[in-house]
1. Which of the strands (runs of 3 or more DSSP E) found entirely inside region 1-101 contain at least 3 residues meeting this: at pLDDT 80 or above and either away from the ligand (no atom under 16 Å from the Cβ) or assigned by TED's automatic domain parsing to the domain that holds Asp201 (or both)?
2. Where in region 166-255 are the helices (runs of 4 or more DSSP H), entirely inside, with at least 3 residues that are modelled with pLDDT of 90 or more?
3. Are any residues in region 181-215 crowded, with 20+ Cβ neighbours inside 10 Å and under 22 Å from Ser137 (Cα atoms), and if so, which ones?
4. Pairs needed: first member in region 157-169, polar (S, T, N, Q); second member anywhere, surrounded by 11 or more Cβ atoms within 10 Å (Cβ to Cβ); C-beta distance under 6 Å; at least 6 residues apart or different chains.
5. Cβ contacts < 7 Å: first residue touching a residue at least 40 places away in the same chain (Cβ under 8 Å), restricted to region 196-223; second residue part of a helix (DSSP H, G or I) and of a type in the set (A, V, I, L, M), any location; separation 6+ or different chain. Result?
Amino acid sequence: MNLYYAEGDRQVGPIGKAELQSLIKNKKIDSKTLVWQPGMAEWQALGLFVKGKTQGAKASMQPAPPVQQSLCSECGQAFAEDDMIRFSGVWVCAGCKPIMVQKIKEGVAVSGAMDFAGFWLRFGAWFIDYIILGIASMVVYLPMTFMGVYSADKPGVFLTFQLISTIFNFIIPAVYETWFVSKYAATPGKMACKIKVVLADGGKVNFGRAVGRHFAKYISGLTLGIGYIMAGFDDQKRALHDRICDTRVIKSAEL
Ligand SMILES: [Zn+2]
């Protein structure tokens, strides 16, 4: 096979089958990479090219029966289901299969195959975190409250303690959630419920987004909790803060 592929606006090749496979494996190219070989009228996406090869071989052997088509979850193209394989609830075309196999080996969450965590599971996780934070804040608050109360005759000191404890009230939950979510994709409550926070494509939530998501929860809370309840009705079980930050909460056996 004398195949050429496009890298930016450069054409690379010719390459053989072994090189092609190693390029796919090393993610240098994917199903959307344009390829061409002598005899082809124009450049074609690799996924379509591979599909053309397998279909061409079939077409010469038998008349085509009416086919049921589905969209490949990787490249988004429509293919006959006969030419596709199924991976945990999604269809993948022949061209994308090696890429998908690679992804699954690496434990990347497959888009469309995410198992979203529903309202009650998330509520359970929230409740566990609520207890943990309650204990943590008591450790910080109680001594401060007592000190504040005992200095009630000095209003300046009292107000200072009130201010500090109010700030802590915001900071402790913020640090707790953003640190755990950006480092482990889950707070201890979520870990206990085997759920985690991920990006729309299953990727990791970074620190900045974890911070944003924490404060977006205030908006979910301000809407009389409707922002939270939305998770029970959304097709991807997104709460309002998940919509704002484009995150998903999924079930995960790995935690
Ligand atoms: Zn595909």
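The values are calculated or read from the model by the stated rules, or taken from the named source; none is laboratory data. What you see is a predicted model; the values in this text were computed from it and never measured. Here Cβ is always computed from backbone atoms with ideal geometry, including for glycine, and neighbour counts include all displayed protein chains.
1. Fully inside region 1-101 and qualifying: 3-7, 10-15.
2. 188-192, 207-222, 240-245
3. Val181, Ala186, Thr187, Gly189, Lys190, Ala210, Arg213
4. Partner pairs satisfying both residue conditions: Ser165/Tyr141; Ser165/Met144.
5. Val197/Val181; Val205/Val181; His214/Ala174
Here's the yes/no breakdown for (1) closer than 16 Å to Ile99 by Cβ; (2) of a type in the set (A, V, I, L, M); (3) surrounded by 14 or more Cβ atoms within 10 Å (Cβ to Cβ):
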| position | (1), (2), (3) |
| --- | --- |
| Leu3 | no, yes, yes |
| Ala6 | no, yes, yes |
| Gln11 | no, no, yes |
| Gly16 | no, no, no |
| Asn26 | yes, no, no |
| Ile29 | yes, yes, yes |
| Leu34 | yes, yes, yes |
